[in-house]
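Taken together, the values in this text are just the output of simple stated rules run on the coordinates, not laboratory data. All figures in this text were calculated on a predicted structure; none of them were measured in a lab.
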């Protein structure tokens with residue numbers, strides 16, 4: 001039957017903040033009042049959730065998949081950094097880049113406001129990496145209309161390479177008119 005699955009949260013490690021870096025594909029933004037509230041929460045309650053990271057062996061660094069704002073809280077608040085010994089609780093996952101991007105989106109979609117421009121970039125990056133529309137919709141929680149809108153906003157024809165379109169109109173050269 002094999003070994004039972006053990007979620008990464010059961011193996012939280014303490015990582016110096018200097019070994020942690022943001023990723024380039026987090027569309028989630030926290031407005032200043034909510035960021036102040038997060039800092040207050042961490043000051044009052046400590047870190048109650050680990051930062052989710054991927055280990056970059058070649059750089060001996062950890063790249064954030066989820067928890068950027070908890071990471072930012074330590075960077076913005078010297079009191080938190082000092083109290084925590086400049087270390088963050090980290091849960092490590094091991095996935096390829098496109099799956100990490102999808103994980104970041106899944107972790108954030110239900111609780112934040114996403115930047116449309118960054119979501120357009122993410123959809124383009126996933127499509128250019130060969131991920132199908134079905135994979136994108138399934139893995140980052142989009143319906144087909146939302147995915148289509150983001151592709152349209154991008155203006156990148158390459159995002160529509162796998163689609164077949166009917167002509168919008170045809171020229172009627174004999175009559176000298178344009179018809180549908």
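Report the Stokes-Einstein translational diffusion coefficient (µm² s⁻¹, integer) for segment 9-76, Rh taken as the Kirkwood radius over Cα pairs, at 10 °C with viscosity 1.306 mPa s.
My calculation gives 124 µm²/s for D.
Hey, what did segment 10-110 get for relative contact order, percent, Cα under 8 Å, at least 6 apart?
Answer for segment 10-110 is 41 percent.
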